[in-house]
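To start, the structure under review is shown below, and the notes come after it.
The values are calculated or read from the model by the stated rules, or taken from the named source; none is laboratory data. Everything numeric in this text was worked out from a predicted model, so none of it was measured. With ideal geometry, Cβ positions are generated from the backbone for all residues, glycine too; neighbour counts draw on all protein chains shown.
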Amino acid sequence: MRLLLGSLFALVVAAIVGLGATYLALTRGAAFGPLTIGSWTAWPKTGTADADPYARASIARIGRLPTALGDGVAFTASTDDRGRLLDGRCDVVLAGITPAARFWTVTLYNPDGELVANSVNRFGFTSQEIVRHADGGFEIVVTPRANPGNWLPTGGVERYVLVLRLYDTAVGVSTKAGREVPMPAVTIRSCP
Amino acid sequence: MIRWLLLAFGGALLGGIVHLATIIMLPRTATQDAYSRLAPGAPVNTVAAVPAPTPESAPMPFMDPAFASAVCRYDLSQGPLKLSVPVSLAYTSVSFYTRYDVAYYAINDRAAGRRVIELDLMTADQHNQMPEDEEITAADRLIVESPTLTGLIAIRALAPEPGLMSMAQSAIAAAKCVRAEDPKPAR
């Protein structure tokens, strides 16, 4: 009886620890070799044949096709530079420049990776659409309210993620965060 | 007391094994991965356009709405495949994925350096079986080795502005992915 109870207890612990760790790893998007610059994170290795088992499992669970490294690199931001979660009811400003790339796009998704409906049918910007300052920098205002300049509407959703994809770029597995990879700063300007 | 602590420790160790096993098994058991989502609309060894994502429906999550895309779901068991993709004005890329959505190769229009991206896709075995002189005549074609018999080729063209989307779509529509004919006798 004691042996039965004991092994049952050990098996329950194993199930809770094992499945709990798997669930956490998949919902937090854990994978090896992240490249973090400010609030932006990319996993360049996920877009290669060397993708680790965590990256493979996460890709399968989300059901997306990862951006292949020969194509580009995708950076995701779900917080501002001070670590506060992005809120679709706030005014968030993306300001700065991007690393050298032939093209880039920035897109707003809800946490499930779906586009967010809005009145002007704008889901993101490409590097050619953006209005820039004289010095080449740009500013994108992410807010539910209509805004002059580069306005990316949030549709008022509570949580969203921004994905900045660099296409045909030198940023890759060997890139270290530093001066050669400047990413736009993400700042929450005001919250109602 | 010590007995229960030991059991908890043993259980946690076993839990680590359960964790690794589930992580490794997951891609093989997932029913909603990108390949399964795209398979109903993509016949084997044919280029099929992928509808652009909208807030209401998207073929898969995290698609870039600035791109026109198409997929070729391939099966190399009958022989190698020939792929040709005309490049669009802005940016065109071709990415290769295994059955379990691992990207193993990608090329873009600049790397291809031509107006048409032309590739031969085959398994390592098929590549080894190619007659040597065939390889010389085919030297100007790029050969990609697929690690798996089946997989996906994602063909994507950027529309730098929304107005150029139709241009990108028509470039993609001219892409071809067909089974290579039996090797010609050496001349």
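Filtered by the rule that a residue be in contact with a Pro (Cβ under 8 Å, 6 or more places away or on another chain) and either part of a loop (DSSP other than H, G, I, E, B) or among the β-branched types (Val, Ile, Thr) (or both), region A:55-68 gives A:Ile59, A:Ile62, A:Gly63, A:Arg64. Within region B:142-156, residues that are closer than 17 Å to B:Thr46 by Cβ and modelled with pLDDT of 90 or more have Cβ atoms under 6 Å from residues that are among the basic types (Lys, Arg) and in a loop (DSSP other than H, G, I, E, B) in these pairs: B:Thr150/B:Arg99; B:Gly151/B:Arg99, counting only partners at least 6 apart in sequence or on another chain.
Considering only residues of region A:1-33 that are part of a loop (DSSP other than H, G, I, E, B) and surrounded by 14 or more Cβ atoms within 10 Å (Cβ to Cβ), which is farthest from the other protein chains (Cβ to nearest Cβ)? Filtering region A:1-33 for residues that are part of a loop (DSSP other than H, G, I, E, B) and surrounded by 14 or more Cβ atoms within 10 Å (Cβ to Cβ), the one farthest from the other protein chains (Cβ to nearest Cβ) comes out as A:Gly33. Just to be sure, is A:Ala100 surrounded by fewer than 14 Cβ atoms within 10 Å (Cβ to Cβ) and either at pLDDT below 90 or touching a helix residue (DSSP H, G or I) at 6+ places or on another chain (Cβ under 6 Å) (or both)? It is false that A:Ala100 is surrounded by fewer than 14 Cβ atoms within 10 Å (Cβ to Cβ) and either at pLDDT below 90 or touching a helix residue (DSSP H, G or I) at 6+ places or on another chain (Cβ under 6 Å) (or both).
For region A:89-119, enumerate the residues that are of a type outside the set (Asp, Glu) and in contact with a Cys (Cβ under 8 Å, 6 or more places away or on another chain).
Passing the criteria: A:Arg89, A:Cys90.
Evaluation of A:Trp40 against the conditions (1) surrounded by 14 or more Cβ atoms within 10 Å (Cβ to Cβ); (2) more than 19 Å from A:Gly113 (Cα to Cα) shows that the sole unmet condition is (2).
Scanning region A:143-175 for residues that are over 23 Å from B:Met165 (Cβ atoms) and hydrophobic (A, V, I, L, M, F, W, C), which turns out farthest from the chain's Cα centre (by Cα)? Ranking the qualifying residues of region A:143-175, first place goes to A:Ala146.
Of the set (1) within 21 Å of A:Thr67 (Cα to Cα); (2) away from every other protein chain (no Cβ under 11 Å), all apply to B:Asn45 but (1).
Can you tell me which residue is nearest to the other protein chains (Cβ to nearest Cβ) among those in region B:80-118 that are among the basic types (Lys, Arg) and assigned to a loop (DSSP other than H, G, I, E, B)? Here the answer is B:Arg99. Within region A:127-183, the set of residues being away from chain B (no Cβ under 14 Å), assigned to a strand (DSSP E or B), within 20 Å of A:Asp87 (Cα to Cα) and not aliphatic (A, V, I, L, M) comprises A:Glu139, A:Thr143, A:Trp151, A:Arg159.
Would you confirm, using the coordinates I've provided, whether A:Leu152 is touching a residue at least 60 places away in the same chain (Cβ under 8 Å), surrounded by 14 or more Cβ atoms within 10 Å (Cβ to Cβ) and in contact with a Phe, Trp or Tyr (Cβ under 7 Å, 6 or more places away or on another chain)? Spell out the reasoning first.
Working: touching a residue at least 60 places away in the same chain (Cβ under 8 Å): no; surrounded by 14 or more Cβ atoms within 10 Å (Cβ to Cβ): yes; in contact with a Phe, Trp or Tyr (Cβ under 7 Å, 6 or more places away or on another chain): yes.
No; evaluated as a whole, the condition is false for this residue.
Being under 18 Å from the mean Cα position of the chain (by Cα) and either modelled with pLDDT under 85 or more than 29 Å from A:Val163 (Cα to Cα) (or both): is that true of B:Thr123 here? For B:Thr123, the condition - under 18 Å from the mean Cα position of the chain (by Cα) and either modelled with pLDDT under 85 or more than 29 Å from A:Val163 (Cα to Cα) (or both) - is met.
Restricting attention to region A:121-149 and to residues that are closer than 28 Å to A:Leu69 by Cβ and of a type in the set (A, V, I, L, M, F, W, C), the residue that is surrounded by the fewest Cβ atoms within 10 Å (Cβ to Cβ) turns out to be A:Ile130.
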